[in-house]
């Protein structure tokens, strides 16, 4: 079963800076198809529960009073990458807006609840090493949806024959390409007959038949009925 790295707060672990969690109900669907590996980079980096909230400010990660916590956040990001390499994880679902796990946006660093476009430290680390990171606020149903059948790609005549033989549905002789069938269909087959003088003449299948219509031997149903004046018949008296 494929493994997914997921922010520990999303599975119900009380590890946020407030000491609570951000449980994501959709994980119950994910558990049916994947093995979830909960991970909190901030706790793994040495921060306590609860702790002072932090935001990214330039190249640093600071608390509201300006204390730098960049060392702990960078250590947590490195440990998250090590976990992905250890379990061969290529997908991560991370808590949005977090300074460590934000995927689409983060807070602007002024602690005024203003969000800006950006990525957390752990997200940057994982994506730089090929791990696909998805936001906890994204529509994740595609991860559990059944794989759709791939569109049929063009196969050559030889490849189609090999595929049919592999499935056991092929006949002893392979089918002819469609192009050859069209060429043969365009050529009218000619027959010969022997008249009285013995001379061979080509005979076509439709030869001798009159076209269906006005000039043909059959009734033309499209022709309008006769609308002329009726001729009254008179009985001639014999003199």
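Coordinate-derived values only; no laboratory data. This structure is a prediction, so every number in the text was calculated from the model and none was measured. Note: ideal-geometry Cβ built from the backbone for every residue, glycine included; neighbour counts use all protein chains shown.
Miscellaneous remarks
- Taken together, 68, 48 contain a single residue that is more than 33 Å from the chain's Cα centre (by Cα), under 28 Å from residue 4 (Cα atoms) and surrounded by fewer than 15 Cβ atoms within 10 Å (Cβ to Cβ), which is 48.
- For region 106-140, the set of residues classified as without any contact (Cβ under 8 Å) to a residue 24 or more places away in the chain and under 15 Å from residue 94 (Cα atoms) consists of 119, 127, 139, listed by residue number.
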